[in-house]
Amino acid sequence: MGWLCAGLLLLVWASFHLVSRFIVRDGLTPWDVAMLRYLGAFVCVLPLLALHGRPRIAPRRLPAVLVFAGFGFPLCAYAGYQLAPAAHGATVMAAGLPAVTALLGAALGQSRLTLRRVAGLGVICLGSVLLAWTTSGAWEGAWRGDLLFLAAVSSWAVYTLLVQRWALPALDTTIAIGLLAAPIFLPIWWLFLPSGLAQASWTVILTQAAFQGAGASVLAGILYTRSVAALGPTATTMIGAAVPALVALTAWPLLGEVLPPVGILAVLMVSAGMLVGIGRRPP
């Protein structure tokens, strides 16, 4: 079941990068996309709340879950896509997540760095640096988006380790984030944040609310938390090895974002590094 969840998660992750880049490039602000995510997730979890009941998570743990999984990851990711192309987001986030998770896990004593994983992380870092260097002229200021992507995955890495340490149930965690994030964020968005929602069609609004809310938030949240519980945090985060190459190749015809040959080599290096790092957890 863990590998099945991870495979489905891979498809959701790849779609997230492409759709997020497309929508913020086409007029909606990152805050609009976040609002649609939270609103869609809120509506989506209401039937789950009726069937499952209140989420069984200790109240003292909810603030950390909300900060790192509810707000930190999506807000930084959406902001990054205003500045950098889809292939950058897919590569930096897919590569940064296992790297940060492995390093934090080792520092906190939740996992050990094997030689195989260290080698994989080294290749990942080299590929990421090569990608940033070879595309720096094509997308001016993309490095700022890359930093936001790194902040996003660092936030999600903390959440990943909290899932393991606190044994957070997948469905309960997803319901809690879906119920609490919208009432907190929507008033802030309405009163203080810039918006391009008035220029968007209802088709775009409803489609994004469904995808970002039901797909990228609720479905991905359940799949990810189940995968971490079954496979462990390091293996789960490295499942995304295929994401950078998949997104880079798809972004070419769909978004017109063509990577130079060296950029494609960098993406393949990152995927190879992630594959090298996947292995059995040390006893």
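The values are calculated or read from the model by the stated rules, or taken from the named source; none is laboratory data. Please read these numbers as outputs of a predicted model, since none were measured by experiment. Neighbour counts run over all protein chains shown; Cβ positions are idealised from the backbone, glycine included. SASA here: full protein model, heavy atoms, side chains in, ligands and nucleic acids out. Shrake-Rupley method; radii C 1.70, N 1.55, O 1.52, S 1.80 Å.
Just a few scattered comments:
- Orientation-averaged projection of segment 95-182 equals 7.5 nm² [convex hull of Cα atoms, one quarter of hull surface area].
- Residues TRP143, TRP252, TRP156, TRP166, ordered by accessible area of protein heavy atoms at a 1.4 angstrom probe radius and largest first, appear as TRP143, TRP252, TRP166, TRP156.
- Inter-probe distance in nm under a simple model that places probes 7 Å from Cα toward Cβ, at LEU249 and ILE188: 3.9
- Portion, in percent, of the accessible area of segment 110-230 that falls on carbon or sulfur, probe 1.4 Å: 71
- The apolar share of the surface of segment 1-107, taken as the fraction of accessible area on carbon and sulfur atoms (1.4 Å probe, ligands and nucleic acids excluded), comes to 72 percent.
- Probe 1.4 Å, protein heavy atoms only - accessible area per residue of the chain in square angstrom: 44
- Computed over the chain, the per-residue total of -39500 (n - 2.57) for DSSP H runs of n ≥ 4 gives a 222 nm mean residue ellipticity of -24000 deg cm²/dmol, rounded to 500.
- 10 Å-binned pair-distance histogram of segment 16-149 (Cα, whole percent): 11, 31, 31, 22, 5, 0
- The relative contact order of the chain comes to 39 percent, based on Cα pairs under 8 Å that sit 6 or more residues apart.
- D (Stokes-Einstein, µm²/s), Kirkwood Cα radius, segment 178-224, 0.890 mPa s at 25 °C: 202
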